Amino acid sequence: MSALEQFINDQKKKGSGISSSASFSSFDSLRNKLPTSIGGFSLLSRSETTDSQQLLVGDDSGDGQLPASRNRKSSGWFSPSTQDESMFGMTRTQRIIAFFMCIIGAIFCFSTAAVLIPVILVSTRKFAGLNTLGSLLLLLSFAFLLGPKSYLTHMASPQRRLVTVSYLSALFATLYSSLWVRALVCSRR
């Protein structure tokens with residue numbers, strides 16, 4: 001018998017003598033020794049019971065499949081949306097085509113704005129307009145892909161609300177400062 005086979009057999013003998021509850025209790029004791037928060041941020045925010053309860057909610061079929069609300073195959077970027085989430089009655093294929101068209105338009109606007117960076121003092125309005133249009137096309141592309149209602153809900157979620165408001169206000173401030181403030185400053189000279 002080789003040394004590897006002997007090691008495997010020894011491990012199997014050790015594993016068969018230990019009950020699974022003993023190994024879990026040692027894990028629980030280790031978890032209890034760890035700090036639960038650092039600086040007010042919770043490290044262990046979810047327990048095993050809430051995870052298993054979330055998986056079992058709505059599982060009436062008993063066929064071993066996840067409920068439709070927890071199944072990744074039924075949700076995602078390229079998944080078919082319901083009639084409520086579709087944009088102007090577009091089909092899935094039309095939404096995907098519109099997504100790619102908006103992405104291509106955003107790439108064109110961003111690359112053209114990048115070309116204008118060396119002459120930004122001369123063409124501030126063009127740069128700001130192209131950059132803002134590219135950002136709006138990028139936002140619109142994901143609204144086509146995910147559906148406008150679900151995308152707005154996603155952007156207004158508590159985790160993303162601050163980022164959304166600051167991003168949209170930065171877009172507005174860029175347009176305002178490049179179009180109207182510069183026009184007022186240049187007209188007074």
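Want the number for H154 to K126: 0.36 nm per residue separation, take away the alpha-carbon distance, what's left?
7.0 nm
Considering only protein heavy atoms, what is the solvent-accessible area of T174 at a probe of 1.4 Å, reported in Å² to the nearest 10?
50 Å²
Would you check the accessible area of T153, probe 1.4 Å, heavy atoms only, in square angstrom rounded to 10?
Counting only protein heavy atoms, the figure is 90 Å².
Quick check: Cα centre of segment 96-111 to Cα centre of segment 137-166, how many Å?
Answer, in whole Å: 17.
The values are calculated or read from the model by the stated rules, or taken from the named source; none is laboratory data. Remember, it's a predicted structure, so these values are computed and weren't measured experimentally. Surface areas here come from the heavy atoms of the whole protein model, side chains and all, with no ligands, DNA or RNA. Shrake-Rupley method; radii C 1.70, N 1.55, O 1.52, S 1.80 Å.
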